[in-house]
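FYI, it's all coordinate maths here, none of it is from the lab. Keep in mind that what you see is a predicted model, and the values were worked out from it rather than measured. All Cβ positions, even for glycine, are placed from backbone atoms using ideal geometry, and neighbour counts span all protein chains on display.
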Amino acid sequence: MNLEQLAEYFFKYAIEQGNPYDIYPLGVEIEEFGAPYIEISESGELAIVAKDRGEECLRKETTSPEVLAKWVYEIFNKE
């Protein structure tokens with residue numbers, strides 16, 4: 001699984017929610033100021049991670065790209 005493949009799951013989910021996106025809002029670059037990013041392990045584990053000043057403040061892990069797509073969408077579409 002790579003970032004482009006994950007983005008396709010996200011775009012599909014966003015369309016289903018009636019809120020299509022043109023670009024995927026997260027990358028794999030580590031941000032040290034609280035911005036979330038995606039980790040993709042060789043074993044197939046996917047995670048949304050955020051670090052603030054070197055301390056991990058968010059980690060949600062799954063092996064499902066569909067679940068990860070939903071989590072990413074929820075982060076950027078909080079009510």
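Quick notes on this structure:
- Compared with the dominant principal axis of the Cα atoms in the chain, helix 65-76 is inclined by about 80°.
- On full extension, the segment bounded by residue 67 and residue 30 gains 11.2 nm, given 0.36 nm per residue less the C-alpha separation.
- Structure-derived Cα Rg over 2.2 N^0.38 Å - corresponding label in [x] 1.00; [y] 1.05; [z] 1.11: [y]
- Between helix 3-16 and the chain there is an angle of about 50 degrees, using the helix long axis and the longest principal axis of the Cα atoms.
- Legend: calculated FRET efficiency, residue 55 to residue 5, from the Cβ-Cβ distance at R0 = 25 Å, rounded to 0.05, equals 0.25.
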